[in-house]
1. Name every residue in the stretch 128-150 that is out of contact with any strand residue (DSSP E or B) (no Cβ under 8 Å at 6 or more places or on another chain) and either under 20 Å from residue 88 (Cβ atoms) or surrounded by 18 or more Cβ atoms within 10 Å (Cβ to Cβ) (or both), in order of residue number.
2. Run down 98, 55 and say which single residue is at pLDDT below 95 and either in a strand (DSSP E or B) or under 12 Å from residue 121 (Cα atoms) (or both).
3. Using the structure shown, decide if residue 36 is closer than 26 Å to residue 58 by Cα, free of Cβ contacts under 8 Å to residues at least 60 places away in the same chain and assigned to a helix (DSSP H, G or I).
4. Sort out which residues of the stretch 53-72 are farther than 22 Å from residue 92 by Cα, surrounded by 16 or more Cβ atoms within 10 Å (Cβ to Cβ) and touching a helix residue (DSSP H, G or I) at 6+ places or on another chain (Cβ under 7 Å), and write them in order of number.
5. I'm trying to understand the selection: among the residues of the stretch 101-127, which are surrounded by fewer than 16 Cβ atoms within 10 Å (Cβ to Cβ) and either under 25 Å from residue 15 (Cβ atoms) or out of contact with any helix residue (DSSP H, G or I) (no Cβ under 8 Å at 6 or more places or on another chain) (or both)?
């Protein structure tokens, strides 16, 4: 009889995937979704002990000009892209090693928030391989209305100032 580990039963940990990530000895960027925000962490593992070096969540976009009234949209595709872009810029500015992306138990459907996050990482300057067809359309990433596009560009330019 096979024993199911508690975290696997709760759909929190895929032990086979985690073991392969640990064998690679590369740092990783972890992407998680909560009910209200996205959380992204840069993690280095040593002897299966995770050390969080950098943490960014989509709530941090409020500091860069995200509209306070649009707080409820901090779990949208533009927020996902900008969260990836922000953590990518911070990784580059701190001269950390290029990470591997760890999506955990999140389903990876094409053109969704997960791939918007990946596109943000890649656009920030990190060298991560991903098929171009998986990304959401540029219009969805920037937001649909003209006001959203102006705010998106403003926030992105604020993030670009990170050194």
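1. Passing the criteria: 129, 130, 131, 132, 134, 135, 136, 138, 140, 141, 142, 143.
2. Just one listed residue meets the conditions, 98.
3. Criteria not met by residue 36.
4. Across the stretch 53-72, the qualifying residue is only 66.
5. 104, 105, 106, 107, 108, 109, 127
The values are calculated or read from the model by the stated rules, or taken from the named source; none is laboratory data. These numbers were taken from a predicted model, which means no experiment stands behind them. Cβ atoms come from the backbone with ideal geometry, glycine included; neighbour counts cover every protein chain shown.
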